[in-house]
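Please see the structure below; I have some questions.
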Amino acid sequence: MKIKNVLLVQPMHEKKGSKRKKQRISINFPWGLAYIATIVKSKGYNVKIIDGQALQVEKEKLINEINQHDFDIIGISAFSTQFNAVRFIADHIKNQRSAPIVVGGPLATYQSQLTLKNTQTDICVIGEGEYAILDLLSNIDNLFQVKGIAFKHAGTIIKTDNQDRYFNLDQLPMPDFSFFDMEKYLQQNNVFENRKTIKRAISFISSRGCPYSCYFCSKSSQNYRSMSPNKIYKMLSFLIDNFGLEDVSFGDELFLASKSRFRELGPLLRNLDIPWGSQARINIMDKEFLQMAKNAGCCGLGYGIESGSQKILNNMNKRITVEQIENIMMETKKLKIPVKVQLIFGYPGETEETVHETIDLFDKIDHPGRRFLLITPVPGSKLYDDCIASGQINDETKYLCDIEKSFGKGKVHINFTHWPDDELLEKKRATEKIMKANYYNKSYSRKFYYSFIKKIF
């Protein structure tokens, strides 16, 4: 089979409530697709990209976009919550063309068997796709030679040997940004800041994976590694010089993973003279590290606190303590670095006592918290595997379809508590309200502000 034209597609994340007029949709630049497209193009293939998230087109309209292109093979990048979208898109493509359909991303990595069995997908790329895709394109007629894939063959599903290397991220090329309408990705807020003004910001990913193993988390890579400080500086400088970048959100699972490494990176970020925000970790940060980040332009941090109960933190394998949360939140506040916390409600072991411990912690650290993410197991996490083993998930296809639009909010998919579903949701909402009230009622100015924003929203 001769392959000349390659089409790469990313479906939109069809979240419940995304059609609300006041909601601002976050459109993150698709770095993975950009690297793949650039690498494939460098080998002489004709490449096109359709970013359904940037276009804000649901899967039905995405088909119309796909039909406007000629292609010999199509690659779809998808999260596990997009199984239903992949099935829909693959069905429509196969009804009109015989071109091979390749799926990559977390869905293919963690659910290759299910995807191949239950959709008209032909091939799944397991793991990172930047260089695996070149092997696949070169050996499309002999897929047995390609490592790190699963594919259909004579009525069965074949899984080849794992990819035998994790490449250095510094090997990645500068993306060919001509594939994209960059203005769609640059007009947005820095997600780690507490401000409403719009700047020319982008979400930049400088590492893959995470050195920790929280039981609810599905990591992008099992092998954590990061670009070198010089590589990060070079790429951000390019974005500043060519697209007028004013602000950056590091979308890494854990950007501030090492204080010693940041000693080299921090001065480079300071030289860029743009504000940035990132995810950090309670047990890694200390007074010195926070000051280093502040000096380098840090304008906001995200902390995965998840719960104020040590019992729940232990159940999650978070490897942090309540005492550490108290200390680091206070140190961060002293430096006036805005904080976005991540919180989970209903994790296995959640009770009235653990909920009150969370309320008490946030009252103590004088923080309003934010909306809880209702725990929803996802493929690639230990929690998901435990649910399969226990029978709490007995139909994976149905489960993945169910969480497509309501992941983590609005619907109880698996209830790990002793409360009925409706009571669980009510307790979640009540806890959020109590934590906000505790914070805003501590001063007249806060109380006035809270009453004002409630009238608006």
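Here, each number is a calculation from the coordinates, and none is a lab measurement. This is a predicted model, so every value here is computed, not measured. For neighbour counting, all protein chains shown are included, and Cβ atoms are generated from backbone atoms with ideal geometry for every residue, glycine included.
Taking a spot 7 Å from the Cα of residue 388 along the direction of its beta carbon, which residues of the stretch 115-159 have an amide N less than 11 Å from it?
115
Now for a separate question. Please give the Cα centre distance for the stretch 127-163 versus the stretch 66-83, rounded to the nearest Å.
One Cα centre to the other: 17 Å.
Another question about this same structure. As I understand it, the dipole of the stretch 189-456 uses +1 on the Cβ of Lys and Arg and -1 on the Cβ of Asp and Glu, about the Cα centre. Which of 315, 347, 238 lies farthest toward its positive end?
After comparing all options, I get 238.
Also, I was wondering about something else. I'd like the antiparallel share, as a percent to the nearest 5, of DSSP beta bridges with both residues in the chain.
25
My understanding is that a pair violates if its Cα-Cα distance is over 28 Å; which of 61/340; 259/340; 2/152 do that in this structure?
Distance filter (> 28 Å) returns 61/340.
Taking every DSSP beta bridge with both residues inside the stretch 189-456, roughly what % is antiparallel (nearest 5)?
In the stretch 189-456, approximately 10 percent of DSSP beta bridges are antiparallel ones.
Then there is this: Calculate for the chain the 222 nm mean residue ellipticity that helices alone would give, adding -39,500 (n - 2.57) per DSSP H run of length 4 or more and normalising by residue count, nearest 500 deg cm²/dmol.
It lands at -11500 deg cm²/dmol.
For the pairs 219/405; 411/433; 48/159; 318/364, flag any whose C-alpha to C-alpha distance is greater than 23 Å.
In this structure, 48/159 lie more than 23 Å apart at Cα.
Are there cysteines in the chain with no other Cys C-beta under 4.7 Å, and if so, which?
Within the chain, the cysteines lacking a partner Cβ under 4.7 Å are 124, 210, 298, 299, 387, 401.
Ordered by packing density, taken as the mean number of other Cβ atoms within 10 Å over each peptide's residues, highest first, how do 112-123, 59-70 rank?
For the peptides 112-123, 59-70, the packing ranking is 112-123, 59-70.
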